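So the structure is just underneath, and the comments pick up after that.
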Amino acid sequence: MTGPLQRGIALAAAVVLLGALGWTVLRPAGQYRVTAWFTQAVGVYPGGDVRILGIDVGEVTDVRPSGDRVRVEMLVDDDYDIPADANAVILAPSLVSDRYVQFAPVYSGGPTMADGAELDVDRTAVPVELDAVYGALDELSAALGPTGANADGALSDLLEVGADNLEGNGAALNRTLTGFSQAVETLAENRDGLFDSIENLQTFTSALASIDAQVGQFNDTMAAVTDQLEGEREDLAAAVALLSQALGEVASFVQTNTSLLTTNVDRLADVTLVLVQQRAALAEVLDVAPAALGNVARAYNPDYGTLDTRDNSVGSTAPEVVVCQLLAQAGRLQVAGVDLTDLTQFLSLPPTEQICIRLLSGDPGNDGTLDDVDGNGVPDLQDLLTRVFGGGTVPGGSGTPLIGLPPISTGSQQ
């Protein structure tokens, strides 16, 4: 590094240090600097007041225009905190006095404005100048004057008509304005609900817009239905008249037959109760009925034109067989577990059971042989057991012996 360059760097560092030292020494103690940009700063000068709620908290140190804006620098005492997001406003205490800068709102907590803070134009405001107010009033008067809206006397006519209409209606107008004020207050108090309703209405209209084609089709359909109903209005009127007449007749019938209807309803309730109690059986019938009907169809024999069935409804008509069968079904014939070859056990049975056992022993004639009256090679008892009880053993076949009776075989009984 060359000597001149080193000297230049040292000189620059010394200047920076001197500037910092001078700022530290010359800067007023206990203050921080704030810069604000305004669109205009009429009546604001260095040395002017800086206030919060009208209390002096600092002073303006510099006012300098920059393009279409004005830069205003201020010093604020450290004893007063300003919110970090506060705004700066130029106020005029009177028409001719100097103006001051006021910060708002008042600090109530949170971050504070730091030293060197800068407020842009969107965070500042200036008062309306008196010349601007006069200019606006002049333009308004010219617009409403004889060279403007009242060139043909229209404004005068409006004022005359308005005066005539309002004459004698001051009390009514006062009530109207009072009611309107109350309505506005009510809307203000319920603004949250009102805004929610508007948002819901917006959502509804957006949904309708998204299905505009379907809504149009629905409207067309409703129009067609309306046209059809209009074309049939005479028929509808006649139907309504007949319905009215029918309802009158029904009312008369109900009034005349109240007791009978009550009885029928009670009986219907009984029938309904039975159906409810038998719902399991009804369900079973519904399950089995299709198969049963199919079986009936298959039972038809087209070759002979007959129904092929097995009729087991008619049993033997022999008196002794019927009596023994009824006794067995009633549980009055108990021979199971009895050794029929033991005469002692046989004789200990009641007389009725002894008779039935003898009839069912295979030798009703008591001649020591198995009777075969029809001569079909099968003992009559075997036929009886097979047809009535479904038991016994048919020669050449198979079966289950009657419980409590010895097996039956052809030949002589000893």
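Since every read-out is calculated from the coordinates, none of them should be taken as a lab result. Worth saying up front: this structure is predicted, and the values here are computed from it rather than measured. Note that each Cβ is placed from the backbone with ideal geometry, even for glycine, and that neighbours are counted across all protein chains shown.
Sorting Val126, Val15, Val50 from the fewest to the most surrounding beta carbons within 10 angstrom yields Val15, Val126, Val50.
Summarising the amide proton neighbourhood of Gln31: residues at separation of 5 or more, or on other chains, whose placed amide H is nearer than 5 Å comprise Asp78. A Förster distance of 41 Å, applied to the separation of the beta-carbon atoms of Arg64 and Thr147, puts the FRET efficiency at 0.40. Cβ crowding within 10 Å ranks Met222, Met113 as Met222, Met113, fewest other Cβ atoms first.
Annotation: extensible slack from Asp120 through Asp98 equals 5.6 nm (criterion: 0.36 nm per residue apart, minus Cα-Cα distance). Summing charges over all other residues whose Cβ lies under 15 Å from the Cβ of Ser206, with Lys and Arg as +1 and Asp and Glu as -1, gives -2.
Note on Val106/Asp164: beta-carbon distance plugged into 1/(1 + (r/R0)^6) with R0 of 60 Å gives a FRET efficiency of 0.70. Here the Kirkwood formula puts the hydrodynamic radius of segment 27-131 at 13.8 Å, using every distinct Cα pair.
Amide H to amide H distances under 5 Å link Ala149 with Leu144, where only residues 5 or more positions off or on other chains count and H is placed in the peptide plane. Residue-wise HN-Hα couplings along segment 189-199, as the Karplus relation 6.51 cos²θ - 1.76 cosθ + 1.60 with θ = phi - 60° gives them from phi, are 5, 10, 5, 4, x, 5, 5, 4, 5, 5, 5 Hz; Gly and Pro carry x.
Karplus-derived 3J(HN,Hα) values for segment 239-254, using 6.51 cos²θ - 1.76 cosθ + 1.60 with θ = phi - 60°, are 5, 5, 5, 5, 5, 4, 5, 5, 5, x, 5, 4, 4, 5, 4, 5 Hz; glycine and proline are entered as x. Each of Arg191, Arg69 has some number of other Cβ atoms within 10 Å of its Cβ, and from fewest to most they run Arg191, Arg69. Couplings 3J(HN,Hα) for segment 126-139, derived from phi with the Karplus relation 6.51 cos²θ - 1.76 cosθ + 1.60 (θ = phi - 60°), are 10, x, 6, 6, 4, 4, 5, 5, 4, x, 5, 5, 5, 5 Hz, where x marks Gly and Pro. Distant-in-sequence amide contacts of Ile82, defined by a placed amide H-H separation under 5 Å and a gap of 5 or more residues or a different chain, comprise Met113. Using a Förster distance of 30 angstrom, determine the FRET efficiency expected from the C-beta separation of Val128 and Thr203, and round it to 0.05. Once the sixth-power term is evaluated, E becomes 0.10.
Compactness of segment 77-160 was expressed as the Cα radius of gyration divided by 2.2 N^0.38 Å, which yields 1.85.
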